[in-house]
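One structure below.
What follows is calculated from the coordinates using simple rules that are stated; it is not laboratory data. Remember, it's a predicted structure, so these values are computed and weren't measured experimentally. Note: ideal-geometry Cβ built from the backbone for every residue, glycine included; neighbour counts use all protein chains shown.
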Amino acid sequence: MTFLLSPVTPVSLAPVAPVSSISTFKHLCTWLAKYQYFCPLKVLRGIPLGVGQIYACSALGPSLLILGAVLLYSPILAVHALLGSAIGTLAGLSMAVSQSCLYSGLSGFNGALGCMAVGGLFFTFSWRTHLFAISSAFFSAYMDIALSNLLGTVGLPACSWAATIVATLMMLMTGTLKAYRIPIGHVQSPEQNLRSCNQWEAGSPTDRDRESTDV
């Protein structure tokens with residue numbers, strides 16, 4: 001009886017890269033290929049344009065005028081508008097959106113709206129609501145990207161649906177954030193909201209009777 005021994009195939013002992021690392025590397029390559037010729041100055045220019053895009057304005061001069069008007073009305077709102085637009089632009093960069101969206105400010109205006117809504121407009125300004133405003137800007141920006149891809153398949157624009165949904169969810173939250181919520185009928189500028197809140201805490205009869213009838 002004879003036995004035939006087949007040759008043994010050598011086994012490679014090299015470490016295998018995990019799937020997550022491979023997908024991250026592919027995403028990084030796609031990002032670098034897409035932004036190979038992008039201009040950082042145009043991206044920075046898109047931040048104030050994101051504030052102007054709230055009013056469908058894609059020119060830098062009128063956008064700065066709009067930002068100046070917001071600054072005159074409420075410095076807190078102006079700061080949150082620029083911050084939210086910058087966060088939306090950063091979110092667009094992380095998701096490799098088209099350069100035209102970055103340069104025109106379309107990737108930042110939902111972040112600006114979400115940040116303004118929570119950072120002093122519908123909530124009393126404090127360090128807690130400021131952190132919630134930053135998270136709202138991120139959520140609004142990423143939801144805008146998702147809705148743009150979803151609604152784009154049927155030829156519909158995402159508009160400001162993302163910021164509206166996120167702000168509504170923030171207003172429906174309970175717990176710490178609910179204590180800072182301002183009734184819809186008493187919404188004013190953030191500075192006036194702070195003044196009214198201080199008067200209420202001091203025991204002003206007019207503001208003490210203020211009760212929220214919102215959901």
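Observations
- This ranking places Leu41, Leu49 by how few other beta-carbon atoms lie within 10 Å of each, fewest first, which gives Leu41, Leu49.
- Neighbour-count order for Met171, Met116, Met95, fewest beta carbons within 10 angstrom listed first: Met95, Met171, Met116
- Label positions at Gln199 and Met95, each projected 7 Å from the Cα along the C-beta direction, are separated by 4.1 nm.
- Put in line by how crowded their Cβ is, counting other Cβ atoms within 10 Å and starting with the fewest, Trp161, Trp127 read Trp127, Trp161.
- Calculated FRET value between Thr164 and Gln188, using beta carbons and R₀ = 22 Å, to 0.05: 0.60
- Take the Cβ atoms of Leu72 and Lys42, set R0 to 25 Å, and the FRET efficiency comes out at 0.35.
- Gain upon complete extension [Thr176, Leu150; 0.36 nm per residue less C-alpha separation]: 6.1 nm
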